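Remarks on the structure that follows.
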Amino acid sequence: MTYAIGDIHGCLSPLKRLIKAIKLKDDDTLVFIGDYVDRGPNPRGVLDFLIALSVNHRCNFIRGNHEQMFLDYLRGAEGSTIWAYNGMETTIRSYGSIRSVPDYHIEFLNETLLYYEKSDFVFVHAGIRPNIPLKKQSPNDLLWIREPFLKSSNPLKDRTVVYGHTPLISGPLVQEGKIGIDTGCVYGGYLTAYRVEDNFFLSERS
């Protein structure tokens, strides 16, 4: 089975409970949709948990806009101070200081994917620019897009886009051609997993 898991944002306890509830089998695949850090209480713990999980299970880690901001800040990229307005303080607090971010965490972040494909599904953090082939999508759109994607129907012909980024406190959003699974865990909602093969959802409260 393939399970896609929505935005975690440092919420380690719900993540552990959700993984336990899934009851992973050896041939299961996990796709994490991005935004592992920022805003929640334990971003460092989340990354350590995900890295350890990937040792024994098939995991695909999508990059979220918050991972991109983290990486941009670490390398001193122009405009990287935007991170300060997007939950940076909880991430730095979890490490003690920005200088304490271990190299293996930076390596993990750098190896995250912009998207992942499996059969008729495309997994991406924010969404896609409608009617543009996947391989021609702008990385910035994959990480940040909202309105053009959210307002679209069937944004990628003959494919279903599974995405996060836009919190949906009321529950997952299922529409033609797209499924939103960021159910606002860090805002008092849920952390949600979507099982692709039978359109089944599991959730754990924050």
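Could you go through the range 2-20 and let me know if any residue there is aromatic (Phe, Trp, Tyr) and without any contact (Cβ under 8 Å) to a residue 60 or more places away in the chain.
No, that holds for no residue.
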Restricting to the range 22-38, name every residue that is closer than 12 Å to residue 54 by Cα, aliphatic (A, V, I, L, M) and surrounded by 22 or more Cβ atoms within 10 Å (Cβ to Cβ). 31
For the range 115-133, check the following and say yes or no: at least one residue is polar (S, T, N, Q), at pLDDT 95 or above, surrounded by fewer than 17 Cβ atoms within 10 Å (Cβ to Cβ) and more than 24 Å from residue 2 (Cα to Cα). no
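Okay, residues lined up against (1) within 15 Å of the chain's Cα centre (by Cα); (2) surrounded by fewer than 24 Cβ atoms within 10 Å (Cβ to Cβ):
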{"position": "15", "(1), (2)": "yes, no"}
{"position": "40", "(1), (2)": "yes, no"}
{"position": "61", "(1), (2)": "yes, yes"}
{"position": "75", "(1), (2)": "no, yes"}
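In the range 77-96, what count of residues is obtained for those that are at negative phi and either open to solvent by less than 60 Å² (accessible area, probe 1.4 Å) or acidic (Asp, Glu) (or both)?
Keep residues of the range 77-96 that are at negative phi, which gives 77-78, 80-86, 88-95.
Adding the requirement that they be either open to solvent by less than 60 Å² (accessible area, probe 1.4 Å) or acidic (Asp, Glu) (or both) leaves 77-78, 80, 83-84, 86, 88-92, 94-95.
Residues flagged as at negative phi and either open to solvent by less than 60 Å² (accessible area, probe 1.4 Å) or acidic (Asp, Glu) (or both) within the range 77-96 amount to 13.
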Please enumerate the residues belonging to the range 173-206 that are more than 16 Å from the chain's Cα centre (by Cα), open to solvent by 50 Å² or more (accessible area, probe 1.4 Å) and either farther than 18 Å from residue 21 by Cα or among the acidic types (Asp, Glu) (or both). 174, 175, 176, 197, 198
Hey, can you tell me all the residues within the range 160-172 that are open to solvent by 10 Å² or more (accessible area, probe 1.4 Å), of a type in the set (A, V, I, L, M, F, W, C) and under 21 Å from residue 30 (Cβ atoms)? 168
Residue list for the range 164-189, filter: touching a Gly at 6+ places or on another chain (Cβ under 7 Å) and hydroxyl-bearing (Ser, Thr, Tyr): 166, 183
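The values are calculated or read from the model by the stated rules, or taken from the named source; none is laboratory data. These numbers were taken from a predicted model, which means no experiment stands behind them. Every residue, glycine as well, gets a Cβ built from its backbone with ideal geometry; the counts of neighbours run over all protein chains shown. We work out accessible area using only protein heavy atoms, side chains counted, and drop any ligands, DNA or RNA first. Shrake-Rupley method; radii C 1.70, N 1.55, O 1.52, S 1.80 Å.
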